[in-house]
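Chemist: The following block contains the structure, expressed as structure tokens.
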Amino acid sequence: MASEMIDPDDDRFAYSTKALARLTLSHQLAELADRAAALVPTTGDAGAHPGEFVAAVRALAAMAEDALARAVIYEREKSTSWEVLGESLGDITRQSAHGKFREDVAEWGQALHEPLYPMRGGVIRDLRLPEAAYRPTETRHRLDQWARKHGGYEAGQPVSDGLAELSTLEEMNQVLAGLEHVYRNPLTVDKAKVAQMLDRKAALLERIGQEENRPEATEQAAETRARAAALRSGQ
């Protein structure tokens, strides 16, 4: 199936949050490498404006700072402590590391649950979650090609093959966290979104029932699907 035909929700829900964070970091690093490589040739130097190279490298430095934030987010998804991150950031304290990147980490967590910004004035909603994480299948295929071209890999999937797999337990935790997030404000609950998440939960319970021979999980799956159907019918 072509990646553009995959529903974005179904697409990213098939990946662990560690994999989504890693793809976002890989995408940022590939963009940074391409931008830096474009500055290596000297054939256009004669026509450059005064200060052009300083501005270009300054832009690279800003991209590198963004990549650093993405690296911190990925490390946090891997449960790396703030203490270890502080040491990796140049022997700063865990408090300093947390203070510098806590907003980036919090925004990442929020965007996983709300990938689009709220609609304002009837205009198209802007993407809140990085594109690499919003369309991970398309991203990993593109980065596989990039790595084969630039990283010395002649074949294989050098980006896809190392991504953290999504376990049933982790997927269930993602669903439960998503439901908890939706119900934070009972006055603005999106019933369609809840029904969709309940369908995911039911599918996971059915898988658990089959793979682990647990009939109670199969019963819970039927009850969960009934709840989703009731929400869709307005009951």
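Chemist: Listed highest first by mean packing, meaning other Cβ atoms within 10 Å per residue, what order do 186-194, 140-148 come in?
Modeler: Details: 186-194: 11.2, 140-148: 18.0.
My ranking of the peptides, most packed first, is 140-148, 186-194.
Chemist: As I understand it, the dipole of the chain uses +1 on the Cβ of Lys and Arg and -1 on the Cβ of Asp and Glu, about the Cα centre. Which of Pro8, Ala48, Ala192 lies farthest toward its positive end?
Modeler: Most positive-ward Cα: Ala192.
Chemist: Now, a different point. Taking the chain as the reference, fit the longest principal axis to its C-alpha atoms, fit the long axis of helix 168-182 to the helix C-alpha atoms, and give the angle between the two in degrees, 0 to 90, nearest 10.
Modeler: 90 degrees
Chemist: In nanometres, what is the gap between the two model label sites at Leu116 and Glu216, each 7 Å from Cα along Cα-to-Cβ?
Modeler: Taking the two extended label points, one gets 4.0 nm.
Chemist: Right, something else. Report, in degrees rounded to the nearest 10, the 0 to 90 angle that the Cα long axis of helix 191-211 makes with the longest principal axis of the chain.
Modeler: Around 80 degrees separate the two axes.
Chemist: Sort out the exposed loop GluC sites (Glu not before Pro) in the chain (DSSP loop, at most 12 other Cβ within 10 Å) and tell me the longest stretch that has none. Intermediate values should be presented prior to the final figure.
Modeler: Details: sites that count: Glu154, Glu165, Glu212.
With GluC sites (Glu not before Pro) excluded where exposed in loops, the chain gives 1-153 as its longest stretch.
Chemist: Here's a follow-up. For the chain, build the charge dipole from Cβ charges (+1 Lys, Arg; -1 Asp, Glu) around the Cα centre, then report which of Ala62, Thr137, Leu176 sits farthest towards its positive end.
Modeler: Farthest towards the positive end: Leu176.
Chemist: Let me ask you something else. Between region 141-202 and region 57-115, what is the C-alpha centre distance in whole Å?
Modeler: Answer, in whole Å: 20.
Chemist: Apply the Karplus parameterisation 6.51 cos²θ - 1.76 cosθ + 1.60, with θ equal to phi minus 60°, to every residue of region 59-74 and state each ³J(HN,Hα) to the nearest whole Hz, in sequence, with x for glycine and proline.
Modeler: Ordered by residue, 3J(HN,Hα) equals 5, 5, 4, 5, 5, 5, 5, 5, 5, 4, 4, 5, 5, 5, 4, 4 Hz.
Chemist: List the lysines whose alpha-carbon lies under 22 Å from that of Lys78, not counting same-chain residues fewer than 8 positions away?
Modeler: Lys18, Lys100
Chemist: Something else about it: Stick to Cα atoms and the Kirkwood definition of Rh, then tell me Rg/Rh for region 85-235.
Modeler: On the way: Rg = 20.1 Å, Rh = 19.0 Å.
A ratio of 1.06.
Chemist: Compute the helix-to-body angle for 17-37: its Cα long axis versus the longest principal axis of the chain, expressed 0 to 90° and rounded to tens.
Modeler: 20 degrees
Chemist: Can you compute the modelled spin-label distance between Thr93 and Glu52, with each label point 7 Å from Cα toward Cβ, in nm?
Modeler: 4.7 nm
Chemist: So, with a 1.4 angstrom probe, what is the percent of accessible area on region 46-131 that is carbon and sulfur? Show your work: numbers first, answer last.
Modeler: Details: 2970 of 5690 Å².
Carbon with sulfur: 52 percent of the solvent-accessible area.
Chemist: In terms of the Cα gyration tensor, with a ≥ b ≥ c the square roots of its eigenvalues, is region 1-142 rounded because a/c is under 1.5, prolate because a/b exceeds b/c, or oblate?
Modeler: Oblate shape, in that a/c is at least 1.5 and b/c is the bigger or equal ratio.
Chemist: Find the relative contact order for the chain and round it to a whole percent, using C-alpha pairs within less than 8 Å whose residues are 6+ positions apart.
Modeler: On the way: 202 pairs, mean separation 49.8, N = 235.
21 percent.
Chemist: With springs connecting C-alpha atoms under 10 Å apart, model the chain as a Gaussian network and identify which of Ala132, Ala222, Ala46 has the largest mean-square fluctuation.
Modeler: With Cα springs under 10 Å in the chain, the top fluctuation among Ala132, Ala222, Ala46 is at Ala46.
The values are calculated or read from the model by the stated rules, or taken from the named source; none is laboratory data. As the structure is a computational prediction, the values presented were derived from the model and not from experiment. Ideal geometry is used to build each Cβ from the backbone, glycine not excepted, and the neighbour counts take in all protein chains shown. All accessible areas refer to the heavy atoms of the entire protein, side chains included, with ligands and DNA or RNA removed. Shrake-Rupley method; radii C 1.70, N 1.55, O 1.52, S 1.80 Å.
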